[in-house]
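Structure first, then comments.
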């Protein structure tokens, strides 16, 4: 979610584009004074208020809070699923190219979980091709992104050298990267 001042400017812009006064936007749930305070960035609006305003402004909650249409994140997640399918079917070069493209797109849109997902995919591609140091770099980058965003670390699909019954990634496992092996494609 963007900072209150950014959200306030966005609300003001959308309200003006729709030809609404602060009172018309606010009623019946809020006051024109509240909208004025919100638009000036002096208050952090609640989720309830933002959802109400998004509906009144004919936009989505996500677009109001981030400036990005919800469909962009959804489309990116679908494309990441397609890249995982490419990797699973053994088209390693094509999967790696797709993950690199999606990493750039996620970066442009500031979608941190999707950036981490693309980096994890690149790490898995590197594991498959035996590039262990590159894989570790990608996994560690993904881990840093998720940690800075306060997001949980996902369990990977690579086999853990610490034991055949475990699955994890080098980024969230104590096993040294030199002992990691690419998955079998059999």
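Label segment 70-153 by shape, choosing from rounded, prolate and oblate, from the square roots a ≥ b ≥ c of the eigenvalues of the Cα gyration tensor; if a/c is under 1.5 it is rounded, and otherwise prolate applies when a/b is larger than b/c, oblate when it is not. Oblate. FRET efficiency for the residue 3 to residue 47 pair, using the beta carbon distance and R₀ = 22 Å, is estimated at 0.90. The length gained on full extension between residue 97 and residue 55, counted as 0.36 nm times the residue separation minus their Cα-Cα distance, comes to 11.2 nm.
A straight line joining the Cα centroids of segment 1-48 and segment 81-98 runs 44 Å. By the beta-carbon count within 10 Å of each Cβ, the least crowded to most crowded order of 63, 143, 27, fewest first, is 27, 63, 143.
Throughout, read-outs are computed from the coordinates displayed, never taken from laboratory work. What you see is a predicted model; the values in this text were computed from it and never measured. Methodologically, a virtual Cβ is constructed for each residue, glycine included, from the backbone with ideal geometry; neighbour enumeration extends over all protein chains shown.
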